[in-house]
Amino acid sequence: MTFPQSSRLQFTPDLNICRLLNGMWQVSGGHGRINANSAIEMMFKYHDAGFTTWDLADHYGPAEDLIGEFRRQLMKTRGEAALSSIQAFTKWVPRPGKMTREIVEKNIQTSLRRMDVPSLDLLQFHWWDYSDSNYLDALKFMADLQAEGKIKHLALTNFDTEHLEIITAAGIKIVSNQVQFSLVDRRPEVAMVQFCQQHNIKLFTYGTLCGGFLSEKYLGKPEPNRFGLETVSQKKYKQMIDAWGGWQLFQELLHCLKQIADKHQVSIANVAVRAILENPCVGGVIVGARLGIAEHIQDNQRVFDFELDGEDWQKINAISIQSRDLFAIIGDCGDEYR
Ligand SMILES: NC(=O)c1ccc[n+]([C@@H]2O[C@H](COP(=O)([O-])OP(=O)(O)OC[C@H]3O[C@@H](n4cnc5c(N)ncnc54)[C@H](OP(=O)(O)O)[C@@H]3O)[C@@H](O)[C@H]2O)c1
């Protein structure tokens, strides 16, 4: 199956990406045991299917090392030119505190070495505590390293609209912010989307499948108790479902998505991803991949085969309005981490 042109985004002049990114948090532990060889084998499968863009972080267990090894094997088997077909977006998640050029450079150097790249495609920066304004220093040092060619583009993850605005106003060029965005968690629609559209910043979204809950597997199923949750991802999003409206309303959402899915001859997961992907501000949806344990390559390829229409959105919105206001309960994007 070859992907249509719409599966790709010219994200920056030098980065052409697949709009469905492979998420690597799932290799970090708490999602099943990962075998490095099977994981790399699976990375080739994703890549060859057209899923060429990876989302990872310095703290996702072996994720950066897997990218490094994948690149080496790709070069060995297919030649150096093949390396330009991978895009790997990592994150830096430091502990708050004083930021010096040395601290920032040391961490970037580690990611460069582990991923075996001369320059990071995208460095997504996370900060735990807004009351500590050292995040601005960290970003300025990152901008210096970008000017020296060690980072291609600067990005953020889990920043709220207010702080994204502060950073932008400080003259730091941010190309994307990674946030939770799904048919359960629609908080980005309140303020983030509008700001990003005005400033040409893309959103990369996670939690779009609620750790797999937004799929046929949970349709018509009784509410799982905490022992029935297989992964840390499911634990995270079960809490979100509870805060949003609970299991009964979630079942109504699943039934509604199933109707829409049947109409388009796709899966519930396809509809859930498509709904977020169609937001003009969204550059890509990140779907977690338990490399070597489970895969949904063929199913996820169908995301690019259809579009939601007005009638579909009416049905979805009729469920959404019955949910609690997560923006009022939790706050803006990323506030769940603070
Ligand atoms: N910046 C941040 O703070 C942050 C936070 C969380 C995640 N992330 C990023 O986002 C990525 C996504 O992770 P997530 O935890 O949010 O999980 P997710 O993408 O919402 O869910 C991933 C799970 O969905 C299931 N799935 C995938 N495709 C499917 C399909 N077509 N049909 C049915 N089920 C399907 C798989 O479950 P099975 O494996 O059980 O089959 C997979 O493990 C992470 O890897 C990471 O890169 C970032």
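Descriptive notes on the structure:
- Value of relative contact order over the chain, rounded to a whole percent, pairs C-alpha under 8 Å and six or more apart: 21
- Taken over segment 227-338, the percentage of Cα pairs per 5 Å bin, counting from 0 up to the bin with the maximum distance, is 2, 9, 17, 21, 24, 18, 8, 2, 0.
- Each Lys or Arg adds one and each Asp or Glu takes one away; over the other residues whose Cβ falls under 15 Å from the Cβ of Leu122, this sums to +1.
- Kirkwood Rh (inverse of mean 1/r, distinct Cα pairs), segment 10-337, angstrom: 20.4
- For segment 105-155 versus segment 164-210, the gap between their alpha-carbon centres in whole angstrom: 19
- Entries in Lys238/Lys315; Lys45/Lys315; Lys45/Lys258; Lys98/Lys238 that, when Cα-Cα distance is taken, lie over 26 Å: Lys45/Lys315; Lys45/Lys258; Lys98/Lys238
- Qualifying aspartates and glutamates (Cα of each under 12 Å from Cα of Lys140; at least 8 residues distant if same chain): Glu105
- Max mean-square fluctuation residue, GNM over the chain, Cα-Cα springs under 10 Å, options Phe44, Phe250, Phe227: Phe227
- Considering only Cα atoms, the convex hull volume of segment 170-242 works out to 113 Å³ per residue.
- Segment 51-199 - Rg (one decimal) and Dmax (whole number), Cα, Å: 16.1, 49
- His255 contributes an accessible area of around 100 Å² to the protein surface, as traced by a 1.4 Å probe with all chains present.
- Given the chain, longest segment not containing exposed loop GluC sites (Glu not before Pro) (DSSP; at most 16 other Cβ within 10 Å): 1-147
- The residues of the chain present an accessible area of 43 Å² per residue when probed at 1.4 Å with all protein chains retained.
- Probe 1.4 Å - accessible area at Ser267, Å² to nearest ten: 10
- Sparsely packed trypsin sites (Lys or Arg not before Pro) within segment 1-75, loop by DSSP, other Cβ within 10 Å at most 11: Arg33
- Apportionment of accessible area to carbon and sulfur, segment 10-337, percent (1.4 Å): 49
- The accessible area of Leu164, taken with all protein chains in place and a 1.4 Å probe, comes to roughly 0 Å².
- Hydrodynamic radius of segment 1-128 per Kirkwood, over alpha carbon pairs, in Å: 15.5
- Under a model in which nothing but the beta-carbon of Lys, Arg (+1) and Asp, Glu (-1) is charged, segment 10-337 shows a dipole of about 700 debye around its Cα centre.
- The chain: antiparallel DSSP beta bridges as a percent of all, rounded to 5: 10
The values are calculated or read from the model by the stated rules, or taken from the named source; none is laboratory data. In this text the structure is predicted, and so the values were computed from the model without any measurement. Virtual Cβ from ideal backbone geometry, glycine too; neighbours counted across all protein chains shown. With ligands, DNA and RNA removed, areas are computed over all heavy atoms of the protein, side chains included. Shrake-Rupley method; radii C 1.70, N 1.55, O 1.52, S 1.80 Å.
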